[in-house]
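Since the structure comes first, as structure tokens, the remarks are kept for the end.
The values are calculated or read from the model by the stated rules, or taken from the named source; none is laboratory data. This structure is a prediction, so every number in the text was calculated from the model and none was measured. Don't worry about glycine lacking a Cβ; one is built from the backbone with ideal geometry, like all the others, and counts go over all protein chains shown.
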Amino acid sequence: MDLATILQVLDSTVRLAIPLLLACLAGLFSERSGIIDIGLEGKMLIAAFFSAAVAFATGSVWLGMLAGIAASMVLSAIHGLASITFRGNQLISGVALNFLASGLTVMIAQVWFSEGGRTPSLMTGGRFSDIALPFAETLRPIPVLGPIYAELISGHSILVYVGFLMVPLTWWVLQRTRFGLRLRAVGEAPEAVDTAGVSVAGLRFAALAIAGLLCGLAGAYLATGLQAGFVREMTAGRGYIALAALIFAKWRPWYALGACLLFGFLQAIALRYQNIDLGAFTVPVQVMDALPYILTVVILAGFVGKAIPPRAGGQPYVKER
Amino acid sequence: MTDTPAIELKGISKAFGPVQANKDISIRVMPGTIHGIIGENGAGKSTLMSILYGFYKADAGEIFIGGRKTEIPDSQAAIRAGIGMVFQHFKLVQNFTVLENVILGAEEGGLLRPSLSKARGVLKKLADDYELRVDPNALIEDLSVGHQQRVEILKALYREADILILDEPTGVLTPAEADHLFRILRGLRDEGKTIVLITHKLREIMEITDTVSVMRRGEMVATVETARSNPSELAELMVGRKVLLRVDKAPAQPGRPILEIENLSHTDASGVQRLRDVSLTVRAGEIVGIAGVSGNGQSELLEVLGGMATATGSVRLNGHEIPLTGRKADGKTRRAQGIAHVPEDRQHEGLIMRFHAWENIAFGYHHDDRYGRGTLMDNVALRRDAEDKMKRYDVRPPDPWLEARNFSGGNQQKIVLAREIERDPEVLLVGQPTRGVDIGAIEFIHQEIVRLRDKGKAILLVSVELDEILGLADRIAVMFDGRIMGERLPSETDQRELGLLMAGVTEAPAGSGLDAVEESLRDKERREAARHD
């Protein structure tokens, strides 16, 4: 395997890991605040649709992204209303949002564009273009490091860089700021936050808003960065894989980066090597495509080691004496 | 001391649906005093304090803090008014450090670093001033219950509280830890802080308070100076009738050994050894009390004997070995052999809360022939039987159709006791018989246990309440870390000696006994923590 092939696989690892990473960090904010967010999938999907639709209509990828974020945050608000204000079951609310997004996107797409539940392909301007970092071409001739810089580090859309920057930012917010301290506390012991005179519901809504924002970015990247338009169910279970990655990462931002890169790598391998010939038999393409999902199951079945979720996760907060 | 009360409540009323939790309550708490509020469970003490801390809004009435009329719509307002609260169940974030817990909600700005270093300094000063020493960098989950409570007090003091409310603070403490807490509270009072102590333990009221208010069924029935009152007067005020505080019993007449336990050992599912070579004999006509801080193997001892857990070693009942493993080591077989079990956790192990009283009274014995043969049960017979037992045990209301969860703690316990005692067992295992039970019901439950003893039955009592063990048991065994540390006769021992044994100290060291106890408790915790890793 030559350097070029390795770089290509790693390059696509990065591209595929970004939506997972953004969704995973969204889940991290939400779950560290004590709200289980099964609806990552639906939020990403609805953001993907609205970002593609608005980008197509206006020709501006930025307006598209804002529309995607707005749509995702609306779903977050519904989730908050159901599970925080009305103390409903968070899993059921999340699943309902996924169904809602799944049906709504295809239906509106059909009504607006009549292309069988998809948006028309986006032209330049409606998509995030790749950014060439300074000196990428100048440095390319340098052996090994040159191509790594030019191929792997340079030449991604802005959202890729934003995604990676979110990791240290998330860590810093959680560990170094007042908001982070309160957020971590409310997911562990909401009664402690409440008796300290801080609003439990306020913190949890804030966490869900951040989750909505990040899912919106993830969805916008899918439809206007990674691909050129929305197709039905284009998230393809990424929201659930992000949740698996979150458990794998033990609800920590740096680990989340590692977990998402691993899942992204598996997807990249599956894309690149459709049939692997092992001599005696050939591993069919379906097995490769299923690999990330199989790994998810294996990881969830307990190969994570001891993963302690936020203690108050999934429980609506009811004031008690 | 001034004449302006630190807290004055005027005409506070609060109803939850049809239940009037507080009725027109007025009270004055003077600054620089320790003011006790005593009453039975459900008397409305906690509701009143929750109103003061902004958890509930009163339906009517006014609150004056330091002479000024104050609205307290939420906890934030209570904190601003200088009120700090130490809840019965601590409100701490388990995987945060002490420092992080202290600053939570009282941070100085958007970033944590300045708040943390300020808190570090304040904590050091508070530690020196009030014996409130806790390692600021320790995680809460690694601290003993007593230290966690200190963190709660520190939280309040860090917020510059002048008024400290403590809700049943000693329920989870060892006697030594409780003594230390009282020293802290006296220190705080001497510095001019006002302390409100909510409790149902008369001994604590007498020991530490300056003034005491008594609540009964949502009403404030009296406020007296502690020095001018006495326990029996307070108990009478609480219950509304004369109560016997001491257990009324004749000296035991122990007969032949009924239950002989030898070298009993048990390791739980997570691999921790909970019982280590426990040997103990319970004879006919005696009550053997097991004292100990909860979590030292008492629960496991009851579970093994009751057939809920397996063990190695030997247990003989009337001279016959009973199996400790295998299919015959279950609760049903034990009951058939004559071992009745009143479990410690009545809401989870003693009752099914959503089942009717009559069903609960039959559980464990529902296979009996007199409740029907074969597959079908004779529900009419069951209900008739239940009604009869509920009357005899004064369960209120005596309605077999009521679900278990709708009875008060005391009445739930009476249902379990009626079920177990009325089958005339050879051995009665009874865990925490009066936890969460009102004084009036405690008296009744103790009398029933003594009555069974006087019929020549063997009784093994487990309780974390030392008063209960001292009053009820004829012989006391103290457990620590899965071992029996020693046996004592109630007449020849006292709280202090038992407290040392409970902390694993067999020889009282010269000088500061209490510090040694604390040290040994910390040791135990460190070992526990190490085992869990």
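See the values below:
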item	result
Residue check, B:Asp24 surrounded by fewer than 23 Cβ atoms within 10 Å (Cβ to Cβ) and either closer than 24 Å to B:Val239 by Cα or of a type outside the set (D, E, K, R) (or both)	yes
Residues of region B:46-85 classified as in a loop (DSSP other than H, G, I, E, B) and either within 13 Å of chain A (Cβ to nearest Cβ) or touching a Gly at 6+ places or on another chain (Cβ under 8 Å) (or both), total	11
Cβ pairs under 8 Å, 6+ apart, first in region B:308-332 and on the phi > 0 side of the Ramachandran plot, second of a type in the set (A, V, I, L, M) and crowded, with 18+ Cβ neighbours inside 10 Å	B:Gly313/B:Ile261; B:Gly313/B:Leu264; B:Gly313/B:Val278; B:Gly313/B:Leu324; B:Asn318/B:Ile258
Residues of region B:17-47 satisfying the condition of being closer than 16 Å to B:Val212 by Cβ and under 19 Å from the mean Cα position of the chain (by Cα)	B:Gly36, B:Ile37, B:Ile38, B:Gly39, B:Glu40, B:Ala43, B:Gly44, B:Lys45
Conditions (1) at the interface with chain A (Cβ under 8 Å from one of its Cβ atoms); (2) within 15 Å of B:Asp162 (Cα to Cα); number of the one not met by B:His35	(1)
Qualifying residue in region A:264-271 (condition: within 12 Å of the chain's Cα centre (by Cα) and either at pLDDT below 95 or part of a loop (DSSP other than H, G, I, E, B) (or both))	yes
Test: residue in region A:198-205 that is touching a helix residue (DSSP H, G or I) at 6+ places or on another chain (Cβ under 8 Å) and more than 14 Å from every other protein chain (Cβ to nearest Cβ)	yes
Helices (runs of 4 or more DSSP H) contained in region B:86-161 and holding at least 2 residues β-branched (Val, Ile, Thr), within 14 Å of another protein chain (Cβ to nearest Cβ) and in contact (Cβ under 8 Å) with a residue 12 or more places away in the chain	B:98-103, B:145-158
In region A:280-316, residue nearest to A:Gly94 (Cα to Cα) [restricted to those that are at pLDDT below 75 and assigned to a loop (DSSP other than H, G, I, E, B)]	A:Ala307
Evaluation of A:Ala189 against (1) within 12 Å of chain B (Cβ to nearest Cβ); (2) more than 30 Å from B:Val151 (Cα to Cα) (one fails), failing number	(2)
Residues that are modelled with pLDDT of 90 or more, buried (at least 16 other Cβ atoms within 10 Å of the Cβ) and among the aliphatic types (A, V, I, L, M), drawn from region B:192-221	B:Ile195, B:Val196, B:Leu197, B:Ile198, B:Ile205, B:Met206, B:Ile208, B:Val212, B:Val214, B:Met215, B:Met220
Scope region B:381-402; condition under 19 Å from B:Gly42 (Cα atoms) and either surrounded by 18 or more Cβ atoms within 10 Å (Cβ to Cβ) or in contact with a His (Cβ under 7 Å, 6 or more places away or on another chain) (or both); matching residues	B:Val395
